[in-house]
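Engineer: Before I ask anything, here is the structure I am working with.
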Amino acid sequence: MKVLLVNGSQNAKGTTNESLGIVAKELNAQGIETEIYQPCPKIYQFDPACLDEAVKKVNEADAFVFGSPVHYAATSGSFSCFMDALFGRKDAELAFKPAAAIAVERRAGGSATLDEMQKYFLFKQMPIVSSNYWNIVHARTADKVAADEEAVQTLRILGKNMGWMLNCLKAGKEAGVKIPEQEEKINSVYR
Ligand SMILES: Cc1cc2nc3c(=O)[nH]c(=O)nc-3n(C[C@H](O)[C@H](O)[C@H](O)COP(=O)(O)O)c2cc1C
């Protein structure tokens, strides 16, 4: 089993990357493979090759953690472009794969950002994995993430819960539980 952790920051070594690493460590401790993935910058200009790469990674993963820095009390504009493009792709196999969102902020706007990110999952029949608090990290730079002990615990528990959900889904599949029969979607946005 593999979890793809998407770094929605333009900063490959910033606080979002550091926060995703904490969840990845917990998943690895349960024997689950992880990859922290920073989409190609050109993806934000809807470069088809970059988007194809992202879709391939999504289709090979069993679950996702999407992380974004908070920019003006919302996801970063570039990350929002990425999510719009990815979730608009008909060939991206997202449905029924568990997902979680992480918002990283210096001070405020994290809960609005989480709301925004989780709406993508709700649209795609993706089970949302939770922790014992909202997945919000307060840190301006990567070296300050560890100082937010409450957030570090939240992320650790998130990783444990995601591993548990993946194992439950695997057991269900092996026991013959099928995904619900799908209906033709009314007013589909896909062509
Ligand atoms: C354009 C911009 C807007 C920002 N807006 C907010 C904000 O609304 N609230 C906040 O708490 N931090 C804000 N920040 C701070 C970042 O969210 C914070 O430094 C975060 O840790 C950066 O994550 P990264 O290192 O992964 O990019 C903003 C930063 C930038 C560059």
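Engineer: Listed residues 87, 66; which is touching a residue at least 24 places away in the same chain (Cβ under 8 Å) and closer than 27 Å to residue 140 by Cα?
Structural biologist: Numbers: 87 fails: closer than 27 Å to residue 140 by Cα.
After applying the criteria, what remains is 66.
Engineer: Filter region 16-58 for residues that are in contact with a Ser or Thr (Cβ under 6 Å, 6 or more places away or on another chain) and hydroxyl-bearing (Ser, Thr, Tyr) and give the result.
Structural biologist: 16, 44
Engineer: If you check every pair at least six apart or on different chains, which have Cβ atoms under 7 Å apart with a residue in region 156-172 that is under 15 Å from residue 134 (Cα atoms) first and a residue that is among the small types (Gly, Ala, Ser) second?
Structural biologist: 157/131; 158/100; 158/131; 161/130; 161/131; 162/63; 162/100
Engineer: Among the residues of region 12-44 satisfying the criterion of being within 8 Å of the ligand (Cβ to nearest atom) and either β-branched (Val, Ile, Thr) or at pLDDT below 95 (or both), which is surrounded by the most Cβ atoms within 10 Å (Cβ to Cβ)?
Structural biologist: So, considering only residues that are within 8 Å of the ligand (Cβ to nearest atom) and either β-branched (Val, Ile, Thr) or at pLDDT below 95 (or both), the one surrounded by the most Cβ atoms within 10 Å (Cβ to Cβ) is 16.
Engineer: Suppose the filter is surrounded by 12 or more Cβ atoms within 10 Å (Cβ to Cβ), closer than 29 Å to residue 52 by Cα and either within 14 Å of the ligand (Cβ to nearest atom) or modelled with pLDDT of 95 or more (or both); does residue 139 pass it? First the steps, then the outcome.
Structural biologist: Working: surrounded by 12 or more Cβ atoms within 10 Å (Cβ to Cβ): yes; closer than 29 Å to residue 52 by Cα: no; either within 14 Å of the ligand (Cβ to nearest atom) or modelled with pLDDT of 95 or more (or both): yes.
The answer is no for residue 139.
Engineer: For region 131-157, enumerate the residues that are farther than 21 Å from residue 108 by Cα and not charged (D, E, K, R). Talk me through it step by step, then tell me what you get.
Structural biologist: Of the residues in region 131-157, the ones farther than 21 Å from residue 108 by Cα are 156-157.
Once the filter is applied, which keeps residues that are farther than 21 Å from residue 108 by Cα and not charged (D, E, K, R), region 131-157 yields only 157.
Engineer: When the residues of region 1-11 are narrowed to those that are assigned to a strand (DSSP E or B) and away from the ligand (no atom under 16 Å from the Cβ), which ends up nearest to the chain's Cα centre (by Cα)?
Structural biologist: Checking each candidate, the answer is 4.
Engineer: Mind telling me which of the residues 149, 181 ends up being farther than 21 Å from residue 96 by Cβ and of a type outside the set (Ser, Thr, Tyr)?
Structural biologist: Working: 181 fails: farther than 21 Å from residue 96 by Cβ.
Step by step, each of 149, 181 is checked, and only 149 is farther than 21 Å from residue 96 by Cβ and of a type outside the set (Ser, Thr, Tyr).
The values are calculated or read from the model by the stated rules, or taken from the named source; none is laboratory data. As the structure is a prediction and not an experimental result, all values here were calculated from the model. Positions of Cβ are generated from backbone atoms using ideal geometry, with glycine treated the same way; all protein chains shown enter the neighbour counts.
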